Amino acid sequence: MHASGPEELVGWLAGFGILAVVVWRAVQAFGTGAPPPDPWDEATAARLEDADLKPVCTRCLCPHEETDWFCPNCGQAASATTNWMPYLYYLSLGDVLRQGTTGDFPPRWVCKAGYRVTSLIAYGGVIGSVYGPISSRHVEVELAALVLVFTLVGIYWRQLANNLQRLRSDHAVRTADADAAVPLGSPN
Ligand SMILES: [Zn+2]
């Protein structure tokens, strides 16, 4: 079924009319809206202008220089542009993957899925970029690359599972400690 003629024209005009109203409203909202107030007081706002103030790592809170690509303490990407730099983003990706196998992170399903997908893409991409140029019409080379990718990803997932087990047992110990710290006679 394909509408044509005046009905289709009216439909298009109505669609464009609604779009024009939405765009106009959005432009008005952005152009005239008052800027939101800062969530901090004036003393803090003045302190933020201090040239000696150093940025801190978002993972370990260690101060670092404005020009640092990585945190000198924990190795996390420290600049807003590190992950866009060729070569440097490989180091950043390595840090992310290392965090999955040895670091502390909330063991939620989205984190676990993220580490699994990222490792698959990272190892698959590295192996693919090495084998890709020589693999055309060589089935055995492609199979070897596939086996290598799944071996590396399998090792990584095994280490990720070990770290998750450690995080879960740490969480259980902390919960037990917190329960033990509740004074007797409290309602809970
Ligand atoms: Zn750090």
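The values are calculated or read from the model by the stated rules, or taken from the named source; none is laboratory data. From a predicted model like this one, the values you see are computed outputs, not experimental measurements. Please note: Cβ atoms are built from the backbone with ideal geometry, for glycine as well, and neighbour counts cover all protein chains shown.
Across the stretch 100-111, what is the total count of residues that are surrounded by fewer than 17 Cβ atoms within 10 Å (Cβ to Cβ) and outside any loop (DSSP other than H, G, I, E, B)?
Of the residues in the stretch 100-111, 4 are surrounded by fewer than 17 Cβ atoms within 10 Å (Cβ to Cβ) and outside any loop (DSSP other than H, G, I, E, B).
Return only the number of the condition from (1) assigned to a loop (DSSP other than H, G, I, E, B); (2) closer than 30 Å to residue 157 by Cα; (3) of a type outside the set (Phe, Trp, Tyr) that residue 97 does not satisfy.
Only one criterion is unmet by residue 97, namely (1).
Among the listed residues 3, 80, identify the single one that is at pLDDT below 95, away from the ligand (no atom under 16 Å from the Cβ) and either over 30 Å from residue 161 (Cβ atoms) or not assigned by TED's automatic domain parsing to the domain that holds residue 174 (or both).
Matching residue, one of 3, 80: 3.
Is it true that residue 102 is touching a residue at least 40 places away in the same chain (Cβ under 8 Å) and hydroxyl-bearing (Ser, Thr, Tyr)? Spell out how you get there, then give the answer.
On the way: touching a residue at least 40 places away in the same chain (Cβ under 8 Å): yes; hydroxyl-bearing (Ser, Thr, Tyr): yes.
The answer is yes for residue 102.
Please work out which residue is nearest to residue 92 (Cα to Cα), limiting yourself to the stretch 35-72 and to residues that are of a type in the set (Lys, Arg) and within 15 Å of the ligand (Cβ to nearest atom).
Filtering first and then ranking leaves 59.
In the stretch 127-143, is there at least one residue being at negative phi and within 16 Å of the ligand (Cβ to nearest atom)? Give the steps one after another, and end with the answer.
First, pick out the residues of the stretch 127-143 that are at negative phi: 127-136, 138-143.
Filter once more, so that each one left must be within 16 Å of the ligand (Cβ to nearest atom): none.
There is no residue in the stretch 127-143 that is at negative phi and within 16 Å of the ligand (Cβ to nearest atom).
If we keep just the residues of the stretch 40-88 that are of a type in the set (Phe, Trp, Tyr) and surrounded by 14 or more Cβ atoms within 10 Å (Cβ to Cβ), which is farthest from residue 105 (Cα to Cα)? Please lay out each step first, then the result.
Step one: filter the stretch 40-88 for residues of a type in the set (Phe, Trp, Tyr), giving 40, 69-70, 84, 87.
Restricting the remaining residues to those that are surrounded by 14 or more Cβ atoms within 10 Å (Cβ to Cβ) gives 69-70.
Values: 69: 22, 70: 19 Å.
Going through the qualifying residues, I end up with 69.
Considering only the stretch 9-29, I want to know if a residue exists there that is more than 16 Å from the ligand (Cβ to nearest atom), outside the structural domain of residue 165 (by TED's automatic domain parsing) and outside any helix (DSSP H, G or I).
Within the stretch 9-29, none of the residues are more than 16 Å from the ligand (Cβ to nearest atom), outside the structural domain of residue 165 (by TED's automatic domain parsing) and outside any helix (DSSP H, G or I).
Between residues in the stretch 57-75 that are free of Cβ contacts under 8 Å to residues at least 12 places away in the same chain and residues that are within 10 Å of the ligand (Cβ to nearest atom) and of a type in the set (Gly, Ala, Ser), which pairs lie under 8 Å by C-beta distance while being six or more apart or on different chains?
Cβ pairs passing all conditions: 68/78.
Does residue 116 qualify as being among the basic types (Lys, Arg), in the same structural domain as residue 149 (by TED's automatic domain parsing), over 25 Å from residue 149 (Cβ atoms) and away from the ligand (no atom under 13 Å from the Cβ)? Can you show your working first?
Working: among the basic types (Lys, Arg): yes; in the same structural domain as residue 149 (by TED's automatic domain parsing): yes; over 25 Å from residue 149 (Cβ atoms): no; away from the ligand (no atom under 13 Å from the Cβ): yes.
Spelling it out, it is not the case that residue 116 is among the basic types (Lys, Arg), in the same structural domain as residue 149 (by TED's automatic domain parsing), over 25 Å from residue 149 (Cβ atoms) and away from the ligand (no atom under 13 Å from the Cβ).
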